Amino acid sequence: MKKLALILILPLVFAFADESTAVDAPDFTLEDVDGNTVNLDSLLTKGPVMMSFWALWCKMCIKELDALKPYAEEFDSLNITLLALSQDKTRSVPKVKPFATSHKWTYQVVLDPENMMRNLYNVQAMPTFFIIDQNKKIVFTHQGYKPGDEEIIVARVRELFKEGGECEQ
């Protein structure tokens, strides 16, 4: 029963996460499409981290990542890393890099064929988008995508982070 209550409550905590209710982001180590090791703690030394859970089969996930492309330079100027976390199974992994390249994504595309991250972050639907500040707190979560949602995400980034990627208090 306690497990069921946690499963039902945790998505609500993430959905309404802000600075006052932020929860710790679970650490992880994965590989990107180029075989490089990606670790949350290492990324956070450079600045905040945004993560978008997506898969090749998820049309709305792809639309979200495409819609965020015009903001990539702004994210870079704020020292924010955007990870596109592929939830594709092992048999589809060889298709992920060419797909991301064909969409001209400049994001770091990370592979999670065992869905470890989906379980670790309790992702119930895709796409799900997280913003993690340099204190390793999840300060924003957005689930699903419809056109215009990228403006909500970008507005939240601008609200949270001033020049240099510092979280505003």
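The values are calculated or read from the model by the stated rules, or taken from the named source; none is laboratory data. Quick caveat: nothing in here was measured; it's all calculated off a predicted structure. Neighbour counts run over all protein chains shown; Cβ positions are idealised from the backbone, glycine included.
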Give the residues of the range 87-114 that are hydroxyl-bearing (Ser, Thr, Tyr) and free of Cβ contacts under 8 Å to residues at least 40 places away in the same chain, sorted by residue number. THR90, SER92, THR101, SER102, THR106
Within the range 25-85, strands (runs of 3 or more DSSP E) holding 1 or more residues that are within 14 Å of the chain's Cα centre (by Cα) and within 12 Å of ILE132 (Cβ to Cβ): 49-54
Scan the range 122-140 residue by residue and report those that are surrounded by fewer than 21 Cβ atoms within 10 Å (Cβ to Cβ) and of a type outside the set (A, V, I, L, M, F, W, C). ASN122, GLN124, GLN134, ASN135, LYS136, LYS137
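Rundown of residues vs (1) at pLDDT below 50; (2) touching an Asp or Glu at 6+ places or on another chain (Cβ under 9 Å), yes/no style:
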{"position": "ASP18", "(1), (2)": "yes, no"}
{"position": "THR21", "(1), (2)": "no, no"}
{"position": "ASP27", "(1), (2)": "no, yes"}
{"position": "ASN36", "(1), (2)": "no, no"}
{"position": "LEU43", "(1), (2)": "no, no"}
{"position": "MET51", "(1), (2)": "no, no"}
{"position": "CYS61", "(1), (2)": "no, no"}
Conditions first: (1) in contact with an Asp or Glu (Cβ under 9 Å, 6 or more places away or on another chain); (2) of a type outside the set (A, V, I, L, M, F, W, C); (3) outside any helix (DSSP H, G or I). ARG118 passes all but one, so which condition is the exception? (3)
Being charged (D, E, K, R) and at pLDDT below 95 narrows GLU151, GLU159 down to just GLU159
Would you pick out the residues in the range 88-103 that are within 27 Å of PRO70 (Cβ to Cβ), part of a helix (DSSP H, G or I) and either in contact with a strand residue (DSSP E or B) (Cβ under 8 Å, 6 or more places away or on another chain) or at pLDDT below 95 (or both)? VAL96, LYS97, ALA100
Starting from residues that are within 23 Å of TYR71 (Cβ to Cβ) and polar (S, T, N, Q), keep the ones in the range 104-116 and report whichever is surrounded by the most Cβ atoms within 10 Å (Cβ to Cβ). GLN108
